[in-house]
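Inspection log for the structure reproduced underneath, given as structure tokens.
Read-outs: derived from the displayed coordinates by stated rules, not from any lab. Since this is a predicted model, take the numbers as computed values, not measurements. Ideal geometry is used to build each Cβ from the backbone, glycine not excepted, and the neighbour counts take in all protein chains shown.
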Amino acid sequence: MYDVLIIGCGVTGAAAAYTLARYDLKVGIIERFNDVACATTKANSAIMHAGYDPKPESRMAPLNRRGIALAKEICDKLHVEYKPMQSLVIAFNEHDMEEVRALYERGLKNGVSVKVLDHDELMKAEPAINPAAIGALWSDDSAIINPWEFATAMAEVAVLNGAELMLSTKVENIKKNADSLTVVTDKGELETRYVINAAGCHSADIAKMVGDDRLTQTNMSGQYFVLDKAEGAKVNSVIFRCPDENGFKGILVAPTVHGNLIVGPDANPARDGDDVRTTSDILTMLKARGLESVPSINYRNIIRQYAGVRPTTQIKDFTIDISPACDRMINLAGMCSPGLSSAPAVGEEAARLLSASGLKLRAKESFKDERPPVVHLASMSADEKRALIAKNPAYGKIICRCETVTEGEIVDAIRRPITPRSIDAVKRRCRAGMGRCQGGFCSPRVHELISRELGIPMEEIPLDKDGSFIITGKTKA
Ligand SMILES: Cc1cc2nc3c(=O)[nH]c(=O)nc-3n(C[C@H](O)[C@H](O)[C@H](O)COP(=O)(O)OP(=O)(O)OC[C@H]3O[C@@H](n4cnc5c(N)ncnc54)[C@H](O)[C@@H]3O)c2cc1C
């Protein structure tokens, strides 16, 4: 019997598992994909939002503020890429300036460090901005982050402290018993005292399994361009446009923690929670909007496009509660932006709700808030590199030339506490394949290394999701 089963291992489920790892509990995490952080958590703007967007009376506002404070500590402690960065909401006309002033007032109420900049102050703060901009909201409470590493790091700590992670396992139903719940998966049934619903764009379906039909998913897609590092250095801020009439943050131009540039997202209804198509009409629109903000962007340097789906519901706020239909189910639903920023605070809230629902939380003496360090050879000094290569020559063999990732780092990634079982999972752990050629040169070598390290035939290693095989068999006997 589990004490708690967490459904979904995006950043919300990972944060809940990370919080619960502190307590003497038998915790399981069920994830339908073959890796953690594989859905919305891997496809977003990667910004730790300052907190001026949410309405002060919303659930989002306090969780966003607490979340970014905790996230900074977690990233320091667990060595997750995190970079403080000023954010701007730029205005091109008086109507935009009214929005900026409204955000400023909201920011003050939410306790955010904000200022309204005039044209000259804006150009000084961010010289790359279109000089037609007349002013902006400024905040220095924001940051950029590696979102999948953030979630993976928290999940790794949970696993190292005893949580059981069940990948490639889909929850299909939940049965209510007198003193427990039976979670029915495609791999069998599991008995648990409590369930945390952290299923992202599928949270409403999970809630319905216990008879809680309050939520309707309204999932909204957002598409992006990723540009080469040649473009990333052009800006030193996260640059937003004013929010649209539905409250979605305007299209942004922002550097990533790895030095690339992203432009996006739109906000349009997704067909379903897994609809990560990119479409030429939206991408064309994004190009134009990006140039309005930063005229020097060179779209010849696009290396990839992607889309993520916001797990929105009709409630337009986070739904974080004990289900009214079943007091053994905690919902962490409606986790649209700023869900990434809020996640660690949402994890704390999940523990509080479990306790309110009757679960005894006793501190676990053996809890260790740490994970194995990650070696980034490219960021080491020449002496450090020499010393490491002398110890292990695999760190001297470059496999991914674009991102300078070595065989030693790829092997480290494969041996981490949560084993990556696809080429993209290795990419997310160590960046092999994330550069300009997008894995054109290194993917076959990464493929071989996964096969060698895990003892799995190459035919059984997918590119990404289960079933996305690259090699289906030999052409010659
Ligand atoms: C375009 C876009 C931009 C964004 N930008 C930002 C930003 O800059 N800053 C910010 O703070 N937030 C941002 N967000 C929001 C943020 O990405 C989300 O709040 C966060 O990633 C949600 O995480 P999650 O764990 O709740 O959902 P997910 O990451 O989607 O995880 C849910 C998991 O549940 C699993 N699951 C679903 N159903 C089942 C089932 N039946 N059985 C087993 N497993 C199941 C899924 O496979 C998935 O892995 C953005 C979102 C989008 C889409």
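Enumerate the amide H contacts of Val195 below 5 Å, restricted to partners 5 or more residues apart or on another chain; note that Pro and chain-start residues carry no placed amide H.
Under 5 Å from the amide H of Val195: Leu5, Met329, Ile330.
Relative to the present Cα-Cα distance, how much length would full extension add between Ile471 and Ser58 at 0.36 nm per residue of separation?
Numbers: separation 413, 0.36 × 413 = 148.68 nm, distance 4.91 nm.
Stretched out fully, the Ile471 to Ser58 stretch lengthens by 143.8 nm.
Let me check I've understood the local charge: for Ala270, count other residues with C-beta under 13 angstrom from its C-beta, Lys and Arg +1, Asp and Glu -1. What total comes out?
Values: positive: Arg271, Arg277, Arg310; negative: Asp266, Asp272, Asp274, Asp275.
Residues close to Ala270 contribute a combined charge of -1.
If you plug each phi of the range 137-144 into the Karplus form 6.51 cos²θ - 1.76 cosθ + 1.60 with θ = phi - 60°, what whole-Hz ³J(HN,Hα) values come out, in order, with x for Gly and Pro?
Ordered by residue, 3J(HN,Hα) equals 8, 10, 8, 10, 8, 9, 7, 10 Hz.
So what are the ³J(HN,Hα) numbers for the range 150-162, from phi and the Karplus equation (6.51, -1.76, 1.60; θ = phi - 60°), rounded to whole Hz, Gly and Pro as x?
My calculation for the range 150-162 gives 4, 5, 5, 4, 5, 5, 4, 4, 4, 5, 5, 9, x Hz in order.
Let me know the whole percent of all Cα-Cα pairs from the range 105-145 that are separated by more than 12 Å.
Of all Cα-Cα pairs in the range 105-145, 61 percent lie more than 12 Å apart.
Would you kindly state how much longer the chain becomes between Thr279 and Arg386 on full extension, computed as 0.36 nm times their sequence separation minus their alpha carbon distance, in nm to one decimal?
Here the segment from Thr279 to Arg386 would lengthen by 33.9 nm.
Which of the peptides 185-198, 97-110 is most tightly packed, and how do the rest follow, judged by the mean count of other Cβ atoms within 10 Å per residue?
Values: 185-198: 20.0, 97-110: 17.1.
My ranking of the peptides, most packed first, is 185-198, 97-110.
Using +1 on the beta carbon of Lys and Arg, -1 on that of Asp and Glu, and nothing else charged, what's the dipole of the range 377-460 about the Cα centre, debye to 20?
180 debye
Holding the Cα-Cα limit at 22 Å, pick out from Lys170/Lys465; Lys77/Lys397; Lys234/Lys287; Lys77/Lys465 the pairs that are longer than that. Intermediate results must be reported in sequence, preceding the final value.
Working: Lys170/Lys465 13 Å; Lys77/Lys397 29 Å; Lys234/Lys287 16 Å; Lys77/Lys465 30 Å.
Table pairs above 22 Å Cα-Cα are Lys77/Lys397; Lys77/Lys465.
Quick query: amide H of Val405 versus all other amide H atoms, modeled in the peptide plane; which residues come in under 5 Å with a sequence gap of 5 or more or a different chain?
Hits under the 5 Å cutoff: Ile399, Cys400.
Quick check on the chain: helices-only [θ] at 222 nm, where DSSP H runs of length 4 and up contribute -39,500 (n - 2.57) each and the sum goes over total residues. Nearest 500, please.
Helix-only estimate at 222 nm: -9500 deg cm²/dmol.
Pairing rule first: another cysteine's C-beta must sit under 4.7 Å. Under that rule, which cysteines of the chain stay single?
Lacking a cysteine Cβ partner under 4.7 Å: Cys9, Cys38, Cys75, Cys201, Cys242, Cys326, Cys336, Cys402, Cys430, Cys437.
Which Cα, out of Pro372, Ala71, Thr279, lies furthest along the positive dipole direction of the chain (beta carbon charges, K/R +1, D/E -1)?
Towards the positive end, the residue furthest out is Pro372.
5 Å is the cut-off here: which amide hydrogens, built 1.01 Å from N in the peptide plane, fall below it relative to Glu172, excluding neighbours closer than 5 in sequence?
When sequence neighbours closer than 5 places are left aside, the close amide H contacts are Val184, Thr185, Asp186.
For the chain, report the translational diffusion coefficient in µm²/s to the nearest whole number, using Stokes-Einstein at 10 °C, 1.306 mPa s, and a Kirkwood Rh over Cα pairs.
69 µm²/s
Would you kindly derive the ³J(HN,Hα) couplings of the range 410-424 from the backbone phi angles with the Karplus curve 6.51 cos²θ - 1.76 cosθ + 1.60 (θ = phi - 60°), listing them in order in whole Hz, with x for Gly and Pro?
Values per residue, Gly and Pro as x: 5, 5, 4, 4, 5, 8, 6, x, 10, 5, x, 10, 9, 5, 5 Hz.
Just need the Rg to Rh number for the range 120-202, please, alpha carbons only, Kirkwood Rh.
Answer for the range 120-202: 1.30.
In Å and from the alpha-carbon atoms only, list the Rg and Dmax of the range 377-460.
When restricted to Cα atoms, the range 377-460 yields Rg and Dmax of 12.5, 40 Å.
Could you give the dipole magnitude of the chain about its Cα centre, charging the beta-carbon of Lys and Arg +1 and that of Asp and Glu -1, in debye to the nearest 20?
Approximately 1060 debye in magnitude.
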